[in-house]
Amino acid sequence: MSKESMEQLELRPDLDPVEILALRVRAFRLGEFGLIYDSYHADSFFRAQFPDREEYIRYAWAHLRRDFRILSCRVLASRTVEAEEFHLIFHQVVEVAEGQIETLELARFFATEEGWRYHSSQKMDRGEFAGAVEKIRFRDFDQRLPKVFF
């Protein structure tokens, strides 16, 4: 059994957004789709698409578990927008049936009574940013039009 699979996965109120992102990645790798569902903000687009937790878990096991694998996820920048909102930029590489997909994402987290929750992301394919991934800044996302958060 791997060290990662032995770690207890718990969505605690004291976790900050960076820790929540790392927890989501570990949960995804282990097939803990209920934790991923619970980490979403109640007002997120995701929750509008999947209002039923058990339905999402069945969907994830049927489709995501075999067709989507997170190879790496690295936080590149973070900022507090307001006391109730936090942003992260992260670089992610995933494997799908068609090959690898590399993205840069600006994720938005909002504070709730249960702690920080993942609300949405603005995604950019790696090829859309000419520099080294470590050079990406919030202004690179701010300048993108249209601003599509999912």
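The values are calculated or read from the model by the stated rules, or taken from the named source; none is laboratory data. Computed from a prediction, not measured in an experiment: that's the story for all the values here. FYI the Cβ positions are ideal-geometry reconstructions off the backbone, even for glycines, and counts take in every protein chain you see. Heads up: the accessible areas ignore ligands, DNA and RNA and are worked out on the full protein's heavy atoms, side chains in. Shrake-Rupley method; radii C 1.70, N 1.55, O 1.52, S 1.80 Å.
Checking Leu30, Leu21 one by one, the residue that is under 23 Å from Gln122 (Cβ atoms) and either touching a Gly at 6+ places or on another chain (Cβ under 7 Å) or not aromatic (Phe, Trp, Tyr) (or both) is Leu21 and no other.
Given the residues Arg144, Arg139, which is the only one that is out of contact with any Phe, Trp or Tyr (no Cβ under 8 Å at 6 or more places or on another chain), surrounded by fewer than 11 Cβ atoms within 10 Å (Cβ to Cβ) and either in contact (Cβ under 8 Å) with a residue 60 or more places away in the chain or more than 21 Å from Ala22 (Cβ to Cβ) (or both)? When all the criteria are applied, what remains is Arg139. The requirement of being under 16 Å from Arg24 (Cα atoms) and touching a residue at least 60 places away in the same chain (Cβ under 8 Å) is fulfilled nowhere in region 62-79; no residue meets it.
Under the condition of being in contact with a strand residue (DSSP E or B) (Cβ under 6 Å, 6 or more places away or on another chain), open to solvent by less than 30 Å² (accessible area, probe 1.4 Å) and in contact (Cβ under 8 Å) with a residue 24 or more places away in the chain, the residues counted in region 101-115 number 4. Taking region 84-100, which residues are in a strand (DSSP E or B) and either without any contact (Cβ under 8 Å) to a residue 24 or more places away in the chain or under 13 Å from Pro17 (Cβ atoms) (or both)? Hits for region 84-100 are Glu85, Phe86, His87, Leu88, Ile89, Phe90, Gln92, Val93, Gly99. Looking across region 27-83, the residues that are within 19 Å of Leu11 (Cα to Cα), open to solvent by 80 Å² or more (accessible area, probe 1.4 Å) and assigned to a helix (DSSP H, G or I) come down to Arg29, Arg53, Glu54. Considering only region 116-130, state which residues are surrounded by 15 or more Cβ atoms within 10 Å (Cβ to Cβ) and of a type in the set (A, V, I, L, M). Correct list: Met124 only.
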